[in-house]
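Down below is the structure, laid out as structure tokens.
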Amino acid sequence: MARVLRWDVIIGLLLVAVFAGGALGSPSFATAGNLSFALGDLGEIALIALAMTMLVVAAEVDLSVASVLGLSSALVGALWDGGMAIETIIPLVVLTGALCGLVNGLLVTRLGLPSLAVTIGTLALYRGLAYVVLGDKAVAQFPPQYTALAVDDVPGTFVPYPVALFVLLAVVVAVVLHATGFGRALFAIGAQEQAAFFSGIRVKRIKLLLFVFSGTVAAFAGVVFTLRYGSARADNGLGIELAVIAAVLLGGVDFDGGKGTLGGVIAGVLLIGLLRNLLMLNDVSTEIQSIVTGLLLIVSVLTPRLISLLRPVRSGTSALKGTP
Amino acid sequence: MTATTTRPEPAARDRSARNLVDLVFRARELSLVLALAALVGGTAAVNPNFLSGQGVEDILLNTAILALLAVGQSMVVITRNLDLSVGSVVGLVAFVVGDALASGWGVVPGVVLGIAIGAACGLLNGLLVSFCRVPALVVTLGTLYVFQGVCHYVAAGRQINAVNLPPALLSLGNGAVLGVPYLPLITVVIMFAIGYYLRAYPSGREFYAIGSSPEAARLAGVPVRRRVLAAYLVSGCLAGLAGVLWLARFGTVVADSANGWELLVISAVVVGGVAITGGVGSVYGAALGALLLTVIGGALVVLRVNPFWQQAITGALLLIAISVDRVLALRVARLLRRRSRHG
Amino acid sequence: GGTTKSSVTSAPAQPPASSAAAAADPDAPIKQGLKLAFLPKQINNPYMTIVAEAGAEAAGEFQGEAKEVGPSDASASSQISYINTLTQQGHDAILISANDPNAVCGPLQQARDKGIKIVSYDSDAAPECRDLFINQASSQEVGRSQVQLLAGMIGHKGEIAILSATANATNQNTWIEFMKDELTKAEYKDMELVKVAYGDDDDQKSFTETQGLLQAYPDLKGIISPTTVGVAAAARYISGSKYKGEVVLTGLGTPNQMRQFVKDGTVEKFALWNPKDLGYLASYAAAALVSGQITGAEGETFKAGKLGERTIGAKGEVILGPPFTFEASNIDDFDF
Amino acid sequence: MSGPPALALANVSKSFGAVRALREVSLELFAGEAHALAGENGAGKSTLVKTLAGVHRPDSGQVLLNGEPVVFHNPADAQRAGVAVIYQEPTLFPDLSVAENIFMGRQPRTSLRRIDRRAMRARSAELFARLGVTVDPEQPARGLSIADQQLVEIAKAISRDARVLIMDEPTAALSGNEVARLFSVVEALRGQGCAVLFISHRLDEIFSLCQRVTTLRDGAWIASEPVGGLTHDDLIRRMVGRELGALYPKQDTEAGAVALRVERLTREGVFTDVSFEVRRGEIVALAGLVGAGRSEVARAVFGIDRWDAGAVHVDGRPLPAASPTAAMAAGLALVPEDRRQQGLVMELSIERNIGLTGLRSLRRGLTISRAAERDRARDWAVRLRLKFAGLGDGVGVLSGGNQQKVVLAKWLATGPSVLIVDEPTRGIDVGTKAEVHRLLSELAGQGIAVLMISSDLPEVLGMADRVLVMHEGRITAEIPRAEATEESVMSAATGRAA
Ligand SMILES: Nc1ncnc2c1ncn2[C@@H]1O[C@H](COP(=O)(O)OP(=O)(O)OP(=O)(O)O)[C@@H](O)[C@H]1O
Ligand SMILES: Nc1ncnc2c1ncn2[C@@H]1O[C@H](COP(=O)(O)OP(=O)(O)OP(=O)(O)O)[C@@H](O)[C@H]1O
Ligand SMILES: [Mg+2]
Ligand SMILES: [Mg+2]
């Protein structure tokens, strides 16, 4: 617990530092316009990270999120092109996302396959289906009032609507994860699944639920993505699953399950996003950006451990838990 | 004081249990081979070209590099770790070595350079994971970005063209001895070497021990950190070698060769029956997995499947592969239980 | 009920580009110290690099400066982050090769609202979101000439295939449309387009896609690959395979990449415009826009340094010129 | 004793944060002598063991090898110095074969330093023969019962022909015959001049195996003395520091209505046609040999495993198969046999673990009430005399016995009407054992139906109103308290009885 706390603090401080540095360093950083964009640009990743956090806490992972996003984008395009009303398309597409999640969940819970393997498979499958649905077409001309909804800020703020929505959802997830029985169950499952099961926790049902949630959120993110860019393509969001995972890791969630806080993850998402934005504004080239991202990831996790290593190891856990 | 009695005589159940267990372990490689046979047979039936000399050669060449990476990866996975950075390493090595050769390096120094770079990358990953105890996922995802960045930085939008490369290297990529191309040959030799080491040597078994239970390994006096480091080192070296072979095979490279391959490699390993949770599996399985993935890809094209369907079908087949294998394992496990006790 | 495509498209279209309102002054001098930014599809594409470097050269000629920034992956979303930053940094003009004509539209509009001129090159953005499109060659001409080139080499007979870039690449798809249209003409009745494959502008993928094509269609006579990455990869596979001499390959490639294959007879002819001229022209066009010499309306003209005077065509397009065909006899005269 | 001790501790202290597990403890192990280590749960026995084994480094004090100070940086160092250890919790490689588990790192070699699998198999078979048990060396360790796992651990340790053999509760999971065989092997080793350190909560074992005994209390050294002059009560007094009430205080209670009825329950290959009843206020023991399938029955009844045929009724209402949640709702509680895997979430704190079974009842509105969670935990921690620094500590750091108490607490907190306990006193010290027994009969007194699986026959005879005996997956006898004797139970357990 102590370490996780310390971790949140570290990431939080880094975030503040970046922000301050940006505000002082480059005039165009702290402008409403830029921040609004930078935040909006994080929208989808942030949304998906919420669901991913819950999964990872329960010691599972969903690599297919980016593909679900792509599939939902392709569907939106195809259906819109087919003349269906956007009001019907959106729920329909989100439902499809839930279905994708359900498939992941069933394969994991019913067959007991490792989620990494399953979702690598569905990563290919769903992306493939996206191409099947939309092929090489790119659909545009979405209704302005909706595209606007995906881009514009909540009046009087520099917070785009999707981000506002994210904040709401984040609060809900935070409560669920850290204050409800469901959350307790997630941590127990992640840390010692068998014991959780022996305590009468419906392990499989809960995991299934998580995957469905993850699929749903990803699909919704796909809708936002499509409207924000006003363009539906099969290859939308290609490869952002790694960005999401990077954010979750940076947020201090342990992929062995049972450890992590949502606050950390949100800080992680913001940190990565704002840092990249800041670097771009200062004409730091892409390659340097990815180097910085990578180093940030490693160093932020390395530092607390080095500190605890350098301090004379009193805790007897050294030998028993010391292995990578 | 406690009761004094004798245990039931369980010899019989143990024997039948053993055979079944063996069956489960063999099953993976077996089912892979069967799946392959079916796939190749079916495809060849539709389009004989698939088994033409050229066709087979292409498949072998395409598999070689992926299989090489899968072998390295499985060594890491067996120790209950992961190496996401392989794709970036291949890209980096391919370009840097290409650059060196283009500027007049000899082939041999070039190869050495490539492997050395790979080794350095592996060493970095290994040190961070084993000695600094940073989770493998964090480290290798981080280095994935870092190595990629470095590669782009070095490349700066340039491209290495085959013309500027020594013919010796290119012939290594496309030449053959007695009709067998070099690349698959190299891969197979390495695969058997590592496979044999892991099975027949005490230190080799320790990789499995670590993956099976790190704490127990530590208490048993296994040098956990050294082994994990070694696993990453091997994975790195093989990624380096793969980078050189990539260069030899494709001749033209820009900064992003093999980017995104990390997941491809891992799917190969998983399909090959190496448990992502460590301790189980073999490099042969991993290599077969790579072969299977490549053949699927090739077959779909040869069968004139609409390109938009190809990816979807690949994904579906991948899922079927692991599901079938799993169901099989569960079945055998139940059989084991029913036979195991009380006659 | 609800909002459907028809109900939207029937609604009045977006207002015309604000800048078009201002009047053009052909004799206005080119402003000093212009800041131009090239935003290619992706930075590690040698062809793109050549274009941008030439652009920078041109900028030098009129005491301006041009930089090249861009994503490492050819995706619309990452390109858009760059449009935003360039907007925030306040450049005079953004020159973009769009990964997705529609996706970049919104951000480009925001840029124009800040008075930044938008010039698209290589791959166009949606016309209402840019001032000018510098087209390397009329898409029509590219598409048709490629078919003519190939037809000539295979005697107007046999199965042919196309090896494209990504399935979503706009310029590729436009060209392919014109190729298909050309093929409907009578003289091509014996030629059949059997497949369009996608190499994703990834060397290795293009390479293996070529393998697949040749195996799947044993009677294949010719391949068109209208992308520099694809044609090079295809050439390399064919030169090392039994298909060398059997299958005719052409497409759009750079002389440096194709030289060896022309020399070893794998490829007889291929086409391309001079990417340097493309970048050069784009820079001058942008400068002319910013300086108010032109507004992007049809018929306006401007001076493009050594390339002489250029006229703006329909839909704000400026065409570089007809594609140039390279072959053994002339390839050594070029170095790019 | 002649010569310096083979291995010794001099004034060793070891703390874990606030907990002082060892304070100035000294101990000498001489060649050819079996030395017992006695103490309550949490007294510091396992910590001492881990210090000798190189797992922990002492905060102060020294480890002496043949009188020379040494520093074991890791377990490997200790092993090289000839120290073989059986840890309290099995440490096996589930994916590897039993033989590989035994010889990991010391495999017999052939030419080219390759592993000689045949020799490895043969030598493991030998070892098991010495222990008088049959375990297949080729079988993967995953799926071994706790008992079988413990036997593999023992084989591993004695295969090292170590100069010092340390055993932390090796017999906890074993039944008499296996214990007897183990002791004869240890005797032999002792004869060959091996120094032995032996830990057990079964005092008779200490008296029958050891020459000297050292007692720890709360991490402090109390006494080291020859076993000869001691009585049980002396030893207990040293350990507990107070007089103990009698063990097995079960008084006859009025058996009420049938609370749990199991009818012809069958799980293919594991148990067959198992039928029995447990009434309110009754303690029914399920006795049998290790491996008889008792735990499996318990698991099936509680819904962990699916059953193939039969039915389970709780208070007359049928229980759906394979749903622990439903079982809990019906008032069932299962204290499982493997506390590390099944009983506890090691990473989580004491209060979280105890709260885990009451996530619904702890809800205030939508969220969990921390206060309620804490009260629930404290209440039971106190009632079970749990030894802990803070309720927020991870259970992973508790001593074996204290962990077992947490498991009991988390289930008793659910106020069950039927309580199934599988080996409830495994690895629990005499003092706590008495408490647990008092607790069980108290619960029975309150009208709870208790089903107790135990391999500890005196416990069975002392606590049970009725004894059910299982043999190879079938119930072979039901013996009322009056007629329950060691002979009657064991003959049924071995299938000898009619
Ligand atoms: N790794 C650890 N971190 C923190 N505290 C620990 C750790 N290991 C043991 N302790 C504490 O040290 C004390 C002694 O524990 P130990 O396991 O030695 O007791 P024990 O005598 O073996 O008890 P038992 O008979 O139940 O096994 C206990 O209070 C325990 O909570
Ligand atoms: N987790 C498991 N997986 C597979 N088989 C098991 C497992 N646990 C036990 N077994 C097998 O089932 C048999 C019954 O073991 P179990 O320990 O449940 O019997 P028991 O009567 O409860 O004995 P114990 O006194 O150890 O509780 C064992 O001999 C073992 O071979
Ligand atoms: Mg202990
Ligand atoms: Mg049991």
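The values are calculated or read from the model by the stated rules, or taken from the named source; none is laboratory data. The structure displayed is predicted, hence computed values, not measured ones. Here the Cβ positions follow ideal geometry from the backbone for every residue, glycine too, while neighbour counts run over all protein chains shown.
Would you check if D:I222 is within 14 Å of chain B (Cβ to nearest Cβ), aliphatic (A, V, I, L, M), within 14 Å of ligand 1 (Cβ to nearest atom) and closer than 18 Å to D:T51 by Cβ? Here the answer is no, as D:I222 does not meet what is asked.
If you go through segment A:15-33 one residue at a time, how many are in a loop (DSSP other than H, G, I, E, B) and more than 26 Å from the chain's Cα centre (by Cα)?
3
With respect to A:L92, determine if the residue is out of contact with any Phe, Trp or Tyr (no Cβ under 8 Å at 6 or more places or on another chain), surrounded by fewer than 24 Cβ atoms within 10 Å (Cβ to Cβ), modelled with pLDDT of 95 or more and more than 29 Å from C:D124 (Cα to Cα). First the steps, then the outcome.
Details: out of contact with any Phe, Trp or Tyr (no Cβ under 8 Å at 6 or more places or on another chain): yes; surrounded by fewer than 24 Cβ atoms within 10 Å (Cβ to Cβ): yes; modelled with pLDDT of 95 or more: yes; more than 29 Å from C:D124 (Cα to Cα): yes.
Criteria met by A:L92.
The set of residues from segment A:141-161 being of a type in the set (S, T, N, Q) and either buried (at least 19 other Cβ atoms within 10 Å of the Cβ) or more than 20 Å from A:A46 (Cα to Cα) (or both) comprises A:Q141, A:Q145, A:T147. Restricting A:L106, A:L123 to those that are at pLDDT 90 or above, crowded, with 22+ Cβ neighbours inside 10 Å and not hydroxyl-bearing (S, T, Y) reduces the list to A:L123.
Per the conditions (1) over 28 Å from B:L60 (Cβ atoms); (2) modelled with pLDDT under 90, the sole criterion not satisfied by C:D200 is (1). When segment D:146-176 is examined, which residues are found to be more than 16 Å from ligand 1 (Cβ to nearest atom), in a loop (DSSP other than H, G, I, E, B), of a type outside the set (A, V, I, L, M, F, W, C) and on the phi < 0 side of the Ramachandran plot? Correct list: D:S159, D:R160, D:R163, D:S175.
Residue by residue, here is whether (1) away from chain A (no Cβ under 14 Å); (2) not β-branched (V, I, T) holds:
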{"position": "C:A74", "(1), (2)": "no, yes"}
{"position": "C:Q88", "(1), (2)": "no, yes"}
{"position": "C:V104", "(1), (2)": "no, no"}
{"position": "C:L108", "(1), (2)": "no, yes"}
{"position": "C:V119", "(1), (2)": "yes, no"}
{"position": "C:E128", "(1), (2)": "no, yes"}
{"position": "C:F133", "(1), (2)": "yes, yes"}
{"position": "C:E159", "(1), (2)": "yes, yes"}
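Candidates in segment D:395-422 are the residues that are within 16 Å of ligand 3 (Cβ to nearest atom) and in contact with a strand residue (DSSP E or B) (Cβ under 8 Å, 6 or more places away or on another chain); of these, the one that is nearest to the other protein chains (Cβ to nearest Cβ) is D:V397.
Among the residues of segment C:27-58, those identified as among the hydrophobic types (A, V, I, L, M, F, W, C) and buried (at least 24 other Cβ atoms within 10 Å of the Cβ) are C:L36, C:A37, C:F38, C:L39, C:I43, C:M48, C:V51, C:A52, C:A58.
Among the residues here, B:A216 does not qualify as surrounded by 23 or more Cβ atoms within 10 Å (Cβ to Cβ), touching a helix residue (DSSP H, G or I) at 6+ places or on another chain (Cβ under 6 Å) and within 14 Å of chain A (Cβ to nearest Cβ).
Quick one: how many residues across segment D:335-345 are in contact with a Pro (Cβ under 8 Å, 6 or more places away or on another chain) and within 7 Å of chain A (Cβ to nearest Cβ)?
Step one: filter segment D:335-345 for residues in contact with a Pro (Cβ under 8 Å, 6 or more places away or on another chain), giving D:335, D:342-343.
Filter once more, so that each one left must be within 7 Å of chain A (Cβ to nearest Cβ): D:342-343.
So the count comes out to 2.
If you go through segment D:346-380 and keep only what is facing chain A (nearest Cβ under 7 Å), polar (S, T, N, Q) and either within 26 Å of D:A330 (Cβ to Cβ) or in contact (Cβ under 8 Å) with a residue 12 or more places away in the chain (or both), you end up with just D:T357.
In this structure, D:A484 does not satisfy being more than 23 Å from D:V312 (Cβ to Cβ) and within 16 Å of ligand 4 (Cβ to nearest atom).
Criterion first (facing chain B (nearest Cβ under 9 Å), in contact with a Pro (Cβ under 7 Å, 6 or more places away or on another chain) and either among the β-branched types (V, I, T) or within 16 Å of ligand 2 (Cβ to nearest atom) (or both)) does D:T171 satisfy it? Working first, answer last.
Values: facing chain B (nearest Cβ under 9 Å): yes; in contact with a Pro (Cβ under 7 Å, 6 or more places away or on another chain): no; either among the β-branched types (V, I, T) or within 16 Å of ligand 2 (Cβ to nearest atom) (or both): yes.
No: the conditions fail for D:T171.
B:Y182 meets all of the listed conditions (1) closer than 28 Å to C:T49 by Cβ; (2) without any contact (Cβ under 8 Å) to a residue 40 or more places away in the chain but one, namely (1).
For every residue, the table says whether it meets (1) within 16 Å of ligand 4 (Cβ to nearest atom); (2) modelled with pLDDT of 95 or more; (3) closer than 21 Å to D:H201 by Cα.
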{"position": "D:S46", "(1), (2), (3)": "no, no, yes"}
{"position": "D:T51", "(1), (2), (3)": "no, yes, yes"}
{"position": "D:T91", "(1), (2), (3)": "no, no, yes"}
{"position": "D:D95", "(1), (2), (3)": "no, no, no"}
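Scoring B:V295 on the criteria (1) within 14 Å of chain A (Cβ to nearest Cβ); (2) part of a helix (DSSP H, G or I) leaves a single failure, condition (1).
Picking from B:V222, B:V269, which residue would you name as being assigned to a helix (DSSP H, G or I), on the phi < 0 side of the Ramachandran plot and not charged (D, E, K, R)? So that I can check it myself, show each step before the final result.
On the way: B:V222 fails: assigned to a helix (DSSP H, G or I).
Matching residue, one of B:V222, B:V269: B:V269.
Quick check: is even one residue across segment D:68-84 within 16 Å of ligand 1 (Cβ to nearest atom), within 18 Å of D:L29 (Cα to Cα) and hydrophobic (A, V, I, L, M, F, W, C)? The answer is no; no qualifying residue exists. Segment D:279-353 holds strands (runs of 3 or more DSSP E) entirely within its bounds, and those carrying 1 or more residues that are within 30 Å of D:I368 (Cβ to Cβ) and away from ligand 1 (no atom under 16 Å from the Cβ) map to D:309-314, D:332-335. Taken together, the residues in segment D:190-227 that are within 18 Å of D:L29 (Cβ to Cβ) and either of a type in the set (A, V, I, L, M) or part of a loop (DSSP other than H, G, I, E, B) (or both) amount to 17. Could you check B:V283 against (1) under 20 Å from A:S67 (Cβ atoms); (2) surrounded by 19 or more Cβ atoms within 10 Å (Cβ to Cβ); (3) more than 10 Å from chain A (Cβ to nearest Cβ) and say which number it fails? Result: B:V283 passes all but (1).
Among the residues of segment D:405-423, what is the count of those that are touching a helix residue (DSSP H, G or I) at 6+ places or on another chain (Cβ under 6 Å) and within 16 Å of ligand 2 (Cβ to nearest atom)? Reasoning before the result, please.
Taking segment D:405-423 first, the residues touching a helix residue (DSSP H, G or I) at 6+ places or on another chain (Cβ under 6 Å) are D:406-407, D:409-410, D:413-414, D:420, D:422.
This time we only want the ones that are within 16 Å of ligand 2 (Cβ to nearest atom), so: D:407, D:420, D:422.
Here the count works out to 3.
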